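Structure first, then comments.
The values are calculated or read from the model by the stated rules, or taken from the named source; none is laboratory data. Every value quoted in this text rests on a predicted model; they were computed, and no experiment measured them. When we count neighbours, we look across all protein chains shown, and the Cβ atoms used for this are built from the backbone with ideal geometry, even at glycine. For the accessible areas, the whole protein counts, side chains as well, though only heavy atoms, and no ligand, DNA or RNA atoms are used. Shrake-Rupley method; radii C 1.70, N 1.55, O 1.52, S 1.80 Å.
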Amino acid sequence: NACAAGARALTSRWVLFTDADTWFEPRFLEAVVAEAEVEGVSLLSIYLDPEYEGVAENTLVPYARALAFCGLGMVRNRHAAFNGQCLLARLESYNFIGTHNAVATYLTEDVKLSMLAARHRLELLTARAPGLGHVRLYQGYAGIRSGIERHAFRFMLVNPTIGVTIILAALLAALWLPVLAWLIVERQWIAAAAFALVPTLLLRPWYPNWGKALLAPLAVYWILPSLLGGLVSAVFGWSIRWKGRTVRAVS
C-alpha cells in the first residue's frame with residue numbers, strides 16, 4: 001500500500017493523506033494541525049470546499065452531497081461521516097492501528113480505519129475547513145457515477161438507515177415532476193409556477209450560485225440510476241471494482 005509505504009519513511013509527528021485533485025491554501029496545514037492538537041485527536045477527517053468542472057459535475061455533485069448529508073443527519077454515526085479524501089493522522093497512532101495495510105481490501109477503507117482507531121480508544125474528529133482548500137470530488141460523468149454507486153453502497157453497509165434515508169429522499173424529490181405536471185393539467189398556473197422553483201430554492205445552498213442551482217431539477221432524475229445501482233450492489237453483497245482493485249462487500 002502506497003500510503004503505508006510513504007508513512008514508514010516519515011519522522012514527523014503528523015502525516016496528511018489527500019487525493020490527487022486537492023489544493024490547499026498556505027495556512028491550511030498549520031490550522032488543521034493546531035485543531036488536532038487542541039482537540040487531542042489521533043485522526044482528523046477534513047471536508048474541503050468542492051470544485052466542479054463541466055455540466056455533469058456542476059449538476060450532479062452538489063445534489064449528491066445534499067443527499068449524503070441528509071442521510072448522515074438522520075443517524076449519529078461518526079464512522080459513516082469519516083472520509084479519507086483528506087485525512088490528518090498522528091503518525092504514531094496510524095502505525096499502531098496497522099496503517100492502510102490493515103484496511104486495503106475494504107471498499108470503505110476510511111470507515112474501517114476509523115473503526116480500528118475507535119476500537120483502540122483513539123480519538124477521532126470530522127471537521128469542515130471552508131476557505132482552506134479545495135477538492136475535485138469526481139472527474140466527469142463516469143467518475144460521478146462510479147463515486148455515487150460507491151457511496152450509496154458505502155452507506156448501506158455502514159448503516160442501512162443512512163442508505164435507506166438517502167434513497168427515500170431521492171425518490172421523494174423525484175415526485176416533483178409528476179406533481180408539477182398535475183398542477184399544469186389542472187391549470188393551477190400560479191401554483192405550478194411556484195412549485196417549478198422548489199428544487200432550485202431548496203438545493204441552492206449546495207450549489208455555487210443561483211445559475212447553477214437551476215440545474216437541480218435535472219440532477220434529481222439524472223442521479224437515480226447510480227443510486228439504485230449502489231443499493232442493489234449492497235443488498236446482494238456484490239464485490240465491485242474500485243481504483244483498479246476488487247473490494248469486498250463488507251464494512
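Test of understanding: among Ala193, Ala170, which residue is over 30 Å from Glu25 (Cα atoms), open to solvent by less than 20 Å² (accessible area, probe 1.4 Å) and at pLDDT 90 or above?
When all the criteria are applied, what remains is Ala170.
State which residue is least open to solvent (accessible area, probe 1.4 Å) when the search covers only the stretch 39-78 and only residues that are closer than 17 Å to Ile223 by Cα, among the hydroxyl-bearing types (Ser, Thr, Tyr) and within 15 Å of the chain's Cα centre (by Cα).
Here the residue is Tyr63.
Identify the single condition in (1) part of a helix (DSSP H, G or I); (2) open to solvent by less than 80 Å² (accessible area, probe 1.4 Å); (3) over 21 Å from Leu122 (Cβ atoms) that Ala36 does not satisfy, given that it satisfies every other one.
Unmet for Ala36, out of (1) part of a helix (DSSP H, G or I); (2) open to solvent by less than 80 Å² (accessible area, probe 1.4 Å); (3) over 21 Å from Leu122 (Cβ atoms): (3).
Which numbered condition in (1) outside any helix (DSSP H, G or I); (2) open to solvent by 40 Å² or more (accessible area, probe 1.4 Å); (3) more than 16 Å from Phe82 (Cβ to Cβ) is the only one that Leu29 fails?
For Leu29, the failing item is (1).
When His79 is evaluated against the numbered criteria (1) more than 23 Å from Phe28 (Cβ to Cβ); (2) modelled with pLDDT of 85 or more, which criterion, by number, is the only one it fails?
(2)
Determine if the stretch 215-229 includes at least one residue that is under 21 Å from the mean Cα position of the chain (by Cα), part of a helix (DSSP H, G or I) and of a type in the set (Ser, Thr, Tyr).
Yes, the stretch 215-229 contains at least one residue that is under 21 Å from the mean Cα position of the chain (by Cα), part of a helix (DSSP H, G or I) and of a type in the set (Ser, Thr, Tyr).
Between Leu177, Leu227, which is aliphatic (A, V, I, L, M) and open to solvent by less than 20 Å² (accessible area, probe 1.4 Å)?
It is Leu227.
Just need a number here: residues in the stretch 115-154 that are open to solvent by less than 60 Å² (accessible area, probe 1.4 Å) and in a loop (DSSP other than H, G, I, E, B).
6
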